[in-house]
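**Student:** My questions will all concern the structure given below.
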Amino acid sequence: MQTKGFESISLFGAAWLMLALCTAPLVAQETGTNKRILILFTHESHLPAQIMVEEAMRSTLQSGSTESLDIYSEYLDAVRTPLADYEKNLVEQLQRKYGGKKFDLIFCVNPPALKFALKNRSTLFPNVPLVFLVLDQRNLDGLDLGSNVTGVWGEGNYRSNLDLALTLQPGTKRVVVISGVGEWDNYWRSRVKEEFRPLAETIEFTYLTGLSIPEQKDALKTLPPHTIVFFVSSTQDNAGSNYGNVEVLRQISPTSSAPIYGTTDAHLGFGIVGGRLISFDAFGVGGAQVGLRVLAGERPDSIAPHGIASVPMFDWRELKRWGISEDRLPPGSVVKFKQPSFWAEYRGRIIIAISLLALESFVIALLLIERRRRQRAKEALDQLNAQLEGRITARTAALDAKTRELETFAYSVAHDLKAPLRGIDGYSRLLLEDHSEQLNEEGRSFLTTIQNSTEEMGQLIEDLLDYSRVERRELKPDRIELKSIVQKVVEQEKRDPTDRKIDFVVNVNGGTVMADVNGLTQALKNYLDNAIKFTRNVEHARIEVGAEEKTNGCVLWVRDNGIGFDMKYHDRIFNIFQRLNRSEDYSGTGVGLAIVRKAMERMGGRAWAESDPGKGATFYLEIPK
Amino acid sequence: MNDSIGPILIVEDRPIDLDLTKRAFVRRRLLNPILEARDGEEALDYIDRWDAGEPVPVLILLDLRLPKVNGLEVLQRLKLHPKYSAIPIIVLTTSGEDADIHEAYRLGCNSYIVKPVDFDNFMEVASQIEIYWCALNTAPR
């Protein structure tokens, strides 16, 4: 719709009524150094194509001039409301409007404005240079331009337009030309037909003329291969309905089975692939450039009117649609509506996103690697643990077996030693009893020595068996009343036949411990045996048993007033076979205290001793709670 | 004494211990005939002889550590025997181990005595056995 009126201007060869009176010339007075320009537009001010032209002109003029420009626009609206009836009034109005202003340049856009200016220039703008812009050189036919006039026209070369289309669509066998039956449609179709005629031998041309939009749609839907469509202008159908070309293109293009080529850049973006198009922008720029030369001092008569070449222009989306590579477009082609690729549009964000993603992936990968590493380490550790456990189990079993073997060995050795010992003792006794008269005193003393030795050895074996028994006996922890167990052991000790008088003092008040009865009894008994033994030579032997409850256990002690020991041996005396006295002074095997320590250690307790030589000793037991 | 005094069976592999035991009994004037078995198998062989009519012992002294069949097995076999389980059996051994004592009593021994090393004590033990088991105690016939 937006271009219909504009395009129709060049067809407008219709009536031009002369203005009757043009009395006062529109000659502006000198009011400053600014150059003043008036642009006479044929159409009303809102026509889009005309707006394109005006914008191109204004921006070209402003940017191309060294002086400041004062640009005026007049929109004659001479197509919808032909000038014939009021041209005179309009001239008068313009005279009044611009009476005080002197213009340096007049532009006339499209034939009606040009014709109006030519007709009234002597009245309105005498001696002011005039630059015209028309779409077709033929619009100038029959016009007397006179002097001080120049301008540009659009070069709508349809043949070269079609040639370009054929280059882009090699193998094309037929061309469907679409046009309407409006005046403008007919004019352009006749131009197109005229230019296409020489190709008719090689290419089949089909002219679809005056079809309604639905009919055009149907016709384009099922075109044979190797066909292209050439859209000229279709503003009116055979039934007399009027359309806008843009509207037509919008409807027929999406379902068209062949690419549509067009004639102006006003149609670009609405469904045409493009072509060598009349560009309104180039048109405006071209006209303005001529104006600039005039403003710069060139005489219009010395500037030959010339055409503004069509521009190869394309719609990027349509090129994609029909698979036409941009590489094949002629040099200088303008490609519009290029949709920035996702990459171009979001490059920054994509880079950031990808970077983040990469970073994240990297971190994830690191974490995964780390996790894998840990898993492997854990597996290895588990395996190692399992191996270790296996080895520990095996070693423990081996150790247990060895221990049992050793125990059996100790047990057997002890027992086996006892049997011959019994023989030695028995027969030496029998010898002494039954045959003593056959022996002399010395012989008898030898036999006594043999008996003492066997007794000593017997004791040693018993002690060793006790010692090994402590280790082998199963622990049976039980709640034990300290007082009763101490009294029981002390009573047993008292009962041992001895000619000595020993003062036993039990100083234990209550208190219970969790301990193995056998172990504790054995330890206590050995301590008491020890105390009894080492108080042998004391006049008033006194043995005290005491106990004290501590936070983490109970301490029991046996204190005597015997010979005591040197504190430097305080720990050594608990070692097996460790003796501090000669056997003739204090007999013993050196096993008793070792048994105590072993028994206490087995139940998680301790055994230690303190002494002041000559003043007695105190032996302690600590039983954990 | 007279023939009605039943024999005592001593199961002992060590000749010294056997000899000392016998001497101890002789010293205590024990009149019961002494039967000997030098290993576990020999001890169990007596069962056939008793079945064949030989006099059944009134007391058996049994060592635990014996060749071929050990003392605990001999003890078990005798104590499970339908005819001879009533014979009093005294385990007389060098072992004072808890495990042995416990097992021997579990299998039904009538007494458990650890052989003393000391001859005097050994004599005392022989004397006590004689007094208790042969004089005081009434054994089943």
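The values are calculated or read from the model by the stated rules, or taken from the named source; none is laboratory data. Remember, predicted model here, so these are calculated numbers, not experimental data. Virtual Cβ from ideal backbone geometry, glycine too; neighbours counted across all protein chains shown. For accessibility, only protein heavy atoms count, side chains too; no ligands or nucleic acids. Shrake-Rupley method; radii C 1.70, N 1.55, O 1.52, S 1.80 Å.
**Student:** Subtracting the Cα-Cα distance from 0.36 nm times the residue separation, let me have the gained length for A:Glu437 to A:Asn507 in nm, one decimal.
**Tutor:** Full-extension gain reported as 19.7 nm.
**Student:** From the Cα gyration tensor of segment A:79-140, with a ≥ b ≥ c the square roots of its eigenvalues, which class applies: rounded if a/c is under 1.5, or else prolate if a/b is larger than b/c, or else oblate? It would help to have the intermediate numbers written out before the result.
**Tutor:** On the way: a/c = 2.38, a/b = 1.23, b/c = 1.94.
Since a/c reaches 1.5 but b/c is at least a/b, the shape of segment A:79-140 is classed as oblate.
**Student:** At 0.36 nm per residue, minus the direct Cα-Cα distance, what do A:Asp478 and A:Gln383 gain on full extension? Give it in nm, one decimal, please.
**Tutor:** Values: separation 95, 0.36 × 95 = 34.20 nm, distance 4.01 nm.
Between A:Asp478 and A:Gln383, full extension yields an extra 30.2 nm.
**Student:** Please work out the FRET efficiency for the pair A:Arg159 and A:Trp316, using the Cβ-Cβ distance as r and a Förster radius of 22 Å; give the result to the nearest 0.05. Walk me through the numbers on the way to the answer.
**Tutor:** Working: r = 25 Å, r/R0 = 1.15.
With R0 = 22 Å, the Cβ-Cβ based efficiency is 0.30.
**Student:** Using a Gaussian network for chain B with springs between C-alpha atoms less than 10 Å apart, which of these wobbles most: B:Glu36, B:Glu130, B:Glu54?
**Tutor:** It is B:Glu54.
**Student:** Please calculate the 1.4 Å probe accessible area of A:Thr42, with all protein chains present, and give it to the nearest 10 Å².
**Tutor:** 0 Å²
**Student:** Can you tell me the accessible area per residue over segment A:347-466, all protein chains present, probe 1.4 angstrom, in square angstrom?
**Tutor:** Values: 8740 Å² over 120 residues.
Value for segment A:347-466: 73 Å² per residue.
**Student:** How long are the semi-axes of the equivalent ellipsoid of segment A:299-402, taking √(5λ) for every eigenvalue λ of the Cα gyration tensor, in whole Å from largest down?
**Tutor:** Values: eigenvalues 1333, 39, 15 Å².
So the equivalent ellipsoid measures 82, 14, 9 Å along its semi-axes.
**Student:** First check a/c for segment A:187-245, with a ≥ b ≥ c the square roots of the eigenvalues of its C-alpha gyration tensor; if it is under 1.5, answer rounded, and if not, answer prolate when a/b is larger than b/c or oblate otherwise.
**Tutor:** Values: a/c = 2.72, a/b = 1.30, b/c = 2.10.
Since a/c reaches 1.5 but b/c is at least a/b, the shape of segment A:187-245 is classed as oblate.
**Student:** Right, something else. Tell me, what is a quarter of the convex hull surface for the C-alpha atoms of segment A:377-457, in nm² with one decimal? All intermediate terms of the calculation are to be shown ahead of the outcome.
**Tutor:** On the way: hull surface 28.0 nm².
The number I arrive at for segment A:377-457 is 7.0 nm².
**Student:** Percent of accessible area on the protein assembly as shown owned by carbon and sulfur, 1.4 Å probe?
**Tutor:** 52 percent
**Student:** Additional query: Looking only at Cα atoms, what is the convex hull volume of segment A:474-624 per residue, in Å³? Mind showing how you got there, number by number?
**Tutor:** Details: hull volume 16.4 nm³, N = 151.
Normalising the Cα hull of segment A:474-624 by residue number yields 109 Å³.
**Student:** I've got another one for you. Please list 3J(HN,Hα) in residue order for segment A:66-83, calculated via the Karplus relation 6.51 cos²θ - 1.76 cosθ + 1.60 where θ = phi - 60°; whole Hz, with x for glycine and proline.
**Tutor:** 7, 8, 7, 10, 10, 10, 10, 10, 10, 10, 6, 6, 7, 9, 5, 10, x, 5
**Student:** Something else about it: Just which residues of segment B:110-125 lose 50 Å² or more accessible area with every protein chain there, against their chain alone, with the probe set to 1.4 Å?
**Tutor:** Residues passing the criterion (a loss of at least 50 Å², heavy atoms only) are B:Val117, B:Phe119.
**Student:** Return the residues of segment A:403-441 for which accessible area with all protein chains present is lower than in the chain on its own by 50 Å² or more; set the probe to 1.4 Å and exclude ligands, DNA and RNA.
**Tutor:** Output list: A:Tyr411, A:His415, A:Lys418, A:Arg422, A:Tyr427, A:Arg429, A:Leu430.
**Student:** Something else: Once the piece of chain linking A:Leu199 and A:Glu548 is laid out straight, how much longer is it, given 0.36 nm per residue of separation minus the C-alpha distance between them? Can you show the working numbers first?
**Tutor:** On the way: separation 349, 0.36 × 349 = 125.64 nm, distance 13.09 nm.
Here the answer is 112.6 nm.
**Student:** Where in chain A lies the longest segment free of chymotrypsin sites (Phe, Trp or Tyr not before Pro) that are both loop residues by DSSP (not H, G, I, E, B) and have at most 15 other Cβ atoms within 10 Å? Intermediate results must be reported in sequence, preceding the final value.
**Tutor:** Working: sites that count: A:Tyr86, A:Trp322, A:Phe337, A:Tyr346, A:Phe577.
By the stated rule (loop sites, at most 15 other Cβ atoms within 10 Å), A:87-321.
**Student:** Keeping all protein chains in place and using 1.4 angstrom, which order do A:Asp425, B:Asp100 fall into by accessible surface area, from largest down? Display every interim value, and only then the final one.
**Tutor:** Values: A:Asp425 5, B:Asp100 30 Å².
Ranked list, largest accessible area first: B:Asp100, A:Asp425.
**Student:** Another question, if that's okay. Helices from chain A with mean Kyte-Doolittle at least -1.0 and a Cα length along the axis of 18 Å or more, per DSSP H: which?
**Tutor:** On the way: long enough: A:48-64 (23 Å, -0.17); A:111-124 (19 Å, -0.19); A:183-196 (20 Å, -1.95); A:280-295 (22 Å, 1.02); A:347-435 (126 Å, -0.06); A:441-472 (46 Å, -0.80); A:482-495 (20 Å, -0.72); A:517-534 (25 Å, -0.07).
Length and hydropathy pass: A:48-64, A:111-124, A:280-295, A:347-435, A:441-472, A:482-495, A:517-534.
**Student:** Right, next: Note down the relative contact order for chain A as a percent, whole number, built from C-alpha pairs under 8 angstrom at least six residues apart. Numbers along the way, then the final one.
**Tutor:** Working: 1049 pairs, mean separation 58.6, N = 625.
Here the relative contact order equals 9 percent.
**Student:** Spin-label point model (7 Å from Cα, Cβ direction): what's the A:Tyr207 to A:Leu143 distance in nm?
**Tutor:** Reported label-point gap for A:Tyr207 and A:Leu143 is 2.7 nm.
**Student:** Treating the Cα atoms of segment A:188-305 as identical point scatterers in vacuum, please give the log10 of the normalised Debye intensity I(q)/I(0) at q = 0.20, 0.23 Å⁻¹, two decimals.
**Tutor:** Result of the Debye calculation: -1.12, -1.38.
**Student:** Could you list which residues have their amide H under 5 Å from that of A:Ile37, counting only those 5 or more apart in sequence or on another chain, with H placed in the peptide plane?
**Tutor:** It is A:Asp70, A:Ile71, A:Tyr72, A:Asp104, by chain and number.
**Student:** Expressed as a whole number of Å, what is the distance separating the alpha-carbon centroids of segment A:299-374 and segment A:43-94?
**Tutor:** Here the answer is 39 Å between Cα centres.
**Student:** Can you bin every Cα-Cα distance in segment A:45-177 into 5 Å intervals starting at zero and give me the percent of pairs per bin, rounded to whole numbers?
**Tutor:** 2, 7, 16, 18, 18, 14, 8, 6, 5, 4, 2, 1, 0
**Student:** How big is chain A by Rg and Dmax over its Cα atoms, in Å?
**Tutor:** 66.0, 194
**Student:** Right, next: Counting only C-alpha contacts under 8 Å and six or more residues apart, can you give the relative contact order of chain B as a whole percent? Please list the in-between numbers first.
**Tutor:** On the way: 198 pairs, mean separation 34.1, N = 141.
That works out to 24 percent.
**Student:** Convert each backbone phi in segment A:603-616 into a coupling constant with the Karplus relation 6.51 cos²θ - 1.76 cosθ + 1.60 (shift: θ = phi - 60°), then list the ³J(HN,Hα) values in order as whole Hz, x for Gly and Pro.
**Tutor:** Once rounded to whole Hz, the list reads 9, x, x, 9, 9, 8, 8, 10, 7, 10, x, x, 10, x.
**Student:** At a probe radius of 1.4 Å, figure out the A/B buried accessible area, summed over both chains, and give it in Å² to the nearest 100.
**Tutor:** Details: alone 32660 and 7930 Å², together 38640 Å².
Roughly 2000 Å² of accessible surface disappears when A and B pair.
**Student:** Given H placed 1.01 Å from N in the peptide plane, which residues other than close sequence neighbours of A:Ala541 have an amide H under 5 Å from its amide H?
**Tutor:** A:Asp503
**Student:** If you don't mind, there's one more thing I want to ask. Run the simple label-point estimate for A:Ser45 and A:Arg191 please: 7 Å along Cα→C-beta, distance reported in nm.
**Tutor:** A separation of 2.9 nm, rounded to one decimal place.
**Student:** Write down the accessible area per residue of chain B in Å², having rolled a 1.4 Å probe over the full set of protein chains.
**Tutor:** Heavy-atom SASA per residue in chain B reads 49 Å².
**Student:** Gap in Å between the Cα centre of segment B:1-53 and the Cα centre of segment A:496-573?
**Tutor:** 47 Å
**Student:** Using 7 Å Cα-to-Cβ label points, what is the A:Ile369/B:Ala52 separation (nm, one decimal)?
**Tutor:** 9.2 nm
**Student:** Excluding A:Arg473 itself, calculate the net charge of residues whose Cβ lies under 12 Å from the Cβ of A:Arg473, where each Lys or Arg counts +1 and each Asp or Glu counts -1. Don't skip to the answer; put the middle values down first.
**Tutor:** Details: positive: A:Arg469, A:Arg472, A:Lys476, A:Lys598, A:Arg602; negative: A:Glu407, A:Asp466, A:Glu471, A:Glu474, A:Asp516, B:Glu97, B:Asp98.
The answer is -2.
**Student:** Taking amide H atoms as placed 1.01 Å from N in the peptide plane, list the residues 5 or more away in sequence, or in a different chain, whose amide H sits under 5 Å from that of A:Asn148.
**Tutor:** A:Asp301
**Student:** Take A:His415, A:His46, A:His226, A:His306 and sort them by solvent-accessible surface of the protein heavy atoms, 1.4 Å probe, largest at the top.
**Tutor:** Working: A:His415 0, A:His46 135, A:His226 95, A:His306 65 Å².
I get A:His46, A:His226, A:His306, A:His415, largest accessible area first.
**Student:** Label segment A:543-625 by shape, choosing from rounded, prolate and oblate, from the square roots a ≥ b ≥ c of the eigenvalues of the Cα gyration tensor; if a/c is under 1.5 it is rounded, and otherwise prolate applies when a/b is larger than b/c, oblate when it is not.
**Tutor:** On the way: a/c = 2.38, a/b = 1.46, b/c = 1.63.
Judged from the Cα gyration tensor, segment A:543-625 comes out oblate (a/c at least 1.5, b/c at or above a/b).
**Student:** Of all the Cα-Cα pairs you can form in chain B, what percent are over 19 Å apart? Mind dumping the intermediate values first?
**Tutor:** Numbers: 4615 of 9870 pairs.
I get 47 percent for the Cα pairs in chain B exceeding 19 Å.
**Student:** Okay, helix-only estimate at 222 nm for chain A: each DSSP H run of n ≥ 4 adds -39500 (n - 2.57), divide by all residues, round to 500 deg cm²/dmol; what do you get?
**Tutor:** Working: 16 runs with 281 residues, N = 625.
Value at 222 nm, helices only, nearest 500: -15000 deg cm²/dmol.
**Student:** Give me the residues in segment B:61-97 whose solvent-accessible area, probe 1.4 Å, is reduced by at least 30 Å² once all protein chains are included instead of the chain isolated.
**Tutor:** Those are B:Arg65, B:Thr94, B:Glu97, which lose 30 Å² or more relative to the chain on its own.
**Student:** Using the Karplus curve 6.51 cos²θ - 1.76 cosθ + 1.60 with θ = phi - 60°, work out ³J(HN,Hα) for each residue of segment A:142-150 in order, rounded to whole Hz, and write x for Gly and Pro.
**Tutor:** Computed from phi, the couplings for segment A:142-150 are x, 9, 9, 6, x, 9, 6, 10, 8 Hz.
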